[in-house]
Structures are given as C-alpha cells and as structure tokens.
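Undergrad: Submitted below is the structure of interest, expressed as structure tokens.
The values are calculated or read from the model by the stated rules, or taken from the named source; none is laboratory data. Keep in mind that what you see is a predicted model, and the values were worked out from it rather than measured. When we count neighbours, we look across all protein chains shown, and the Cβ atoms used for this are built from the backbone with ideal geometry, even at glycine. Heavy atoms of the whole protein, side chains included, go into the accessibility calculation; ligands, DNA and RNA do not. Shrake-Rupley method; radii C 1.70, N 1.55, O 1.52, S 1.80 Å.
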Amino acid sequence: MRAPVIAGNWKMNTTVSEAIELVREMRNGLDGVAGVEKILCPPFVSLSAIKDLIKETSIKLGAQNLYFEEKGAYTGEISPLMLAELCQYVIVGHSERRQYFNETDEIVNKKVRAAIEVGLKPILCIGERLAENEAGMTEKVVGGQLRSSLAGIDYTPDLTVAYEPVWAIGTGKAATGSQANMTIGFIRSVIGQLYGPEVASELRILYGGSVTADNIVEFAQQDEIDGALVGGASLKADQFLSIAKQTSELR
Ligand code: PEP
C-alpha cells in the first residue's frame, strides 16, 4: 500500500509573518490527519521558522527548488546542503521553473541527483502544455521528461513524482480524475520500464493542477493517484485541511 501524500506548494506567497500565521491556523488540524503524509512547501525564507513551529507534529517540510551545486560562487542560490538542515522534501522541475527560469530536463536531472545525495526527498514535477495535450502528445512529453530527469539515477524510495499538466496549474481547470489516472498509470508504466515492476508499484505519483477541497475526492479515489500537489488551495488553511482530511477518509 502506498501512503497518500498531500503537499502544499505555496509558491512565491506569504511573508515570514504571514507564513507563521498560516501554519498556526492549520497546524493542529493537519497534525491530527492520520494515514496521509502532509508536506508544506513555503518560500525559502520561512523554512526555518516553520521548522520550529511543526517540530512536534506529523507535518513535514519541503522547499520549492534548490541549486545542484553544494556550495560556492553562485550568488543568490540555495544549496542542497543548506536545505538538508531545514527540511525533508524539495520540489524539483515545477513547470513555473521550467517556464520562467529556463529549467531543462538536464538541469532537473542534476537537481534530483543533488537532492538525493544529501538525503532530501525530491518531488519531481512533470507535465505537458496545453498545445501538447491538444496534439495528443501527453505521453510522449511526460515519458520524455521522466526518462531525461531520471537518466542515470538509481531508484530510491525517497523519490515522489507529481504529474502536473501545465494547462491545469493555477487555471481552475483541473484534469478529470480519469484523465489524470490514465496519465499517471502511463507514468507508472515508464517507471516500470526504468526500474522494474516492484518499484513501479511502490512509487508514489501525485496529481497537481487546480486541486481544491471540492474536487480532491475525484483524484484521491483513483487507483493510480497517490495524493496531490496543491498550489492555490494550500494557502487557505481550511481548504488545505479539508483536502488532507478527505484524502485520509478515502484510505
Ligand atoms: C502547483 O503549483 O503545483 C499547483 C498545482 O498549483 P494550483 O493547485 O494552484 O493549480
């Protein structure tokens, strides 16, 4: 059985004091949600404060990005080693990083590798754009992203994959449960080709893209989907808590 994951990607939202307030609002409720791994991914600057706030809870912490070098003259970047002291997870290859910061599969591969090397658990994001979806290229695109991002990397149970169709992120137009389930089933089959059937059956693959408290059940009840990476709705304590609770109830 794969334990479901509900991860909140706060993106570039919340000052440190707002982040503290948001965690205070959801901490006790989230802590009480059983059987679901709950992960908060605030901006870098709030990691330290939130680490302290959740230290005696079941809530885990993640970053939204990292640089692949350990240290050195890379002004403005945050290294895997720095993050390893603060959090357990790190989102890698989010489509906004690919779109606005020119992250290629090659860079994503280096970041996944760098994260694993220091014991951080990567949440590797893949997903097709609208035009690619409309051209029937979804499997070609996500299969290619997956193979390139994981090329030469040994499997580790620390890895989680998130299927996030770009056209569904922040648009309010989520995929349907069955669409997402089908593509995630395909992603699992590629993982099987790369690492074998046992790994394919144990790897957790999340759906992300306009998940809310109103549609989480549609995704969480699908066989292939092991939870959600949530953007906008993770900034509202009651929504995020409800998403985690509903996922727990479906187990
Ligand atoms: C995301 O940022 O990964 C995401 C899925 O965003 P949203 O839920 O807002 O679509």
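Undergrad: Order these peptides, 137-143, 197-203, by their mean beta-carbon neighbour count within 10 angstrom, highest first.
TA: My ranking of the peptides, most packed first, is 137-143, 197-203.
Undergrad: Can I ask one more? How compact is the range 138-251 by the rule of thumb for globular proteins, expressed as Cα Rg over 2.2 N^0.38 Å?
TA: Here the Cα radius of gyration is 1.06 times the empirical estimate.
Undergrad: Could you check how much of the accessible area of the chain is carbon and sulfur, as a whole percent, using a 1.4 Å probe?
TA: C and S atoms contribute 49 percent here.
Undergrad: Residue 39's amide H: which non-local residues (gap 5+, or another chain) put their own amide H closer than 5 Å, with H modeled 1.01 Å from N in plane and none for Pro or chain starts?
TA: Hits under the 5 Å cutoff: 6, 7, 8, 60.
Undergrad: Here is a further query. Per residue, how many Å² of accessible area does the chain show with a 1.4 Å probe?
TA: For the chain, the solvent-accessible area averages 46 Å² per residue.
Undergrad: For the chain, count all C-alpha to C-alpha pairs, find those more than 34 Å apart, and express that count as a whole percent of the total.
TA: Across the chain, Cα pairs with separations above 34 Å total 9 percent.
Undergrad: So, one more: Order the peptides 104-113, 168-177 from the highest to the lowest mean number of other Cβ atoms within 10 Å of their residues.
TA: 104-113, 168-177
Undergrad: I would also like to ask the following. Run down the lysines and flag those whose C-alpha is under 17 Å from the C-alpha of residue 245, throwing out any fewer than 8 positions away in its chain.
TA: List returned: 38, 60, 236.
Undergrad: What list of ³J(HN,Hα) values in whole Hz, one per residue of the range 69-86 in order, does the Karplus curve 6.51 cos²θ - 1.76 cosθ + 1.60 (θ = phi - 60°) give from phi, with Gly and Pro shown as x?
TA: 3J(HN,Hα) across the range 69-86, in whole Hz: 8, 6, 6, x, 7, 10, 3, x, 8, 10, 8, x, 5, 5, 6, 4, 6, 10.
Undergrad: For the range 1-107, what is the convex hull (Cα atoms) projected area averaged across all directions, in square nanometres?
TA: Orientation-averaged projected area of the Cα hull: 7.9 nm².
Undergrad: Given contacts defined as C-alpha pairs under 8 Å and at least six residues apart, what's the relative contact order of the chain, whole-number percent?
TA: 21 percent
Undergrad: Tell me, rounded to the nearest percent, the portion of alpha carbon pairs in the range 18-79 spaced more than 20 Å apart.
TA: It works out to 35 percent of all Cα pairs.
Undergrad: Which whole-Hz ³J(HN,Hα) couplings does the range 8-18 yield from phi under the Karplus relation 6.51 cos²θ - 1.76 cosθ + 1.60, θ = phi - 60°, glycine and proline marked x?
TA: Taking θ as phi minus 60°, the curve returns x, 9, 7, 6, 8, 10, 6, 6, 4, 5, 5 Hz for the range 8-18.
Undergrad: Leaving out same-chain residues fewer than 8 places away, which aspartates and glutamates sit with a Cα under 12 Å from that of residue 121?
TA: 158
Undergrad: What is the packing order of peptides 88-98, 180-190, taking the mean over residues of other C-beta atoms within 10 Å and listing the highest first?
TA: Packing proxy ranking, top to bottom: 88-98, 180-190.
Undergrad: While we're here: When the convex hull of the Cα atoms of the range 87-159 is projected onto a plane and the area is averaged over all directions, what value comes out in nm²?
TA: About 5.0 nm², averaged over all directions.
Undergrad: Related question: Using the charge dipole of the chain (Lys, Arg: +1 at Cβ; Asp, Glu: -1 at Cβ; taken about the Cα centre), state which of 174, 100, 17 has its Cα farthest towards the positive end.
TA: Positive-most Cα among the choices belongs to 17.
Undergrad: Another question, if that's okay. If each DSSP helix of 4+ residues adds -39,500 (n - 2.57) and the sum is divided by the residues in the chain, what number results at 222 nm, nearest 500 deg cm²/dmol?
TA: Estimated from H runs of four or more residues: -12500 deg cm²/dmol.
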